[in-house]
Ligand SMILES: C[S@@+](CC[C@H](N)C(=O)[O-])C[C@H]1O[C@@H](n2cnc3c(N)ncnc32)[C@H](O)[C@@H]1O
């Protein structure tokens with residue numbers, strides 16, 4: 001929890017850095033086919049409460065709120081992203097249907113067993129302690145509730161941004177971690193677990209989703225499926241699980 005608080009403070013302190021890091025992806029964070037596809041996969045039913053972790057500017061949240069009667073809870077630790085998300089919620093007068101909370105995945109300010117569906121889109125590789133995040137997810141999900149964790153796989157050569165992302169991480173150290181890059185076997189999106197991982201131990205470009213699945217299992221999730229497949233035209237790593 002202390003770690004999470006510190007992470008929040010750092011996110012708030014580095015508003016300019018966040019504006020630079022995320023501002024240049026403004027249009028894809030505003031809305032994206034990937035976000036739409038994840039919400040579609042989440043199979044939301046009327047009157048459900050759904051949780052968007054690391055919601056960014058709300059690309060998935062605003063897709064979800066189109067579903068009848070759905071309540072959307074978003075958590076987002078970066079002040080810059082939250083400010084845009086809140087402005088969008090206010091502009092659409094959705095304050096009663098979309099909550100915007102300042103938090104990270106390791107400590108969700110959400111009651112236990114209150115969430116029907118949850119997702120994290122391009123967030124898992126930001127999370128330092130995936131075991132803690134898995135335990136926290138298990139706590140907030142209703143029995144039978146489903147989570148969907150999806151990261152675009154920028155380490156897959158078929159990703160349209162492969163070259164761009166690799167260059168960025170090599171030239172600038174990505175988010176400051178390129179010097180410690182380590183690489184494993186190239187990924188195989190039809191089921192090989194490891195995939196290639198570049199970046200640092202603290203903030204890799206890609207995490208091992210089989211390792212994530214282990215954390216989910218320990219946390220109490222079942223029916224866990226890990227997939228390395230394309231979604232909305234881009235290669236992704238996916239973990240789905242039922243509480
Ligand atoms: C690449 S953006 C993706 C945003 C959004 N999910 C989307 O697909 O448009 C990653 C987001 O994860 C958030 N984030 C970083 N660390 C996080 C953590 N520990 N828990 C939850 N979100 C986190 C960042 O603030 C950022 O908004």
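Just so it is clear, none of the values below were taken in a lab; they were calculated from the coordinates. Nothing here was measured: the structure is a model prediction, and the numbers come from that model. Glycine gets a Cβ as well: all are built from the backbone with ideal geometry, and neighbour counts include every protein chain shown.
If the chain linking residue 43 and residue 170 were pulled fully straight, counting 0.36 nm for each residue of separation and taking away their Cα-Cα distance, it would gain 41.9 nm.
For the listed peptides 72-81, 109-118, 126-135, a ranking on the average number of other beta carbons within 10 Å per residue, highest first, reads 72-81, 126-135, 109-118.
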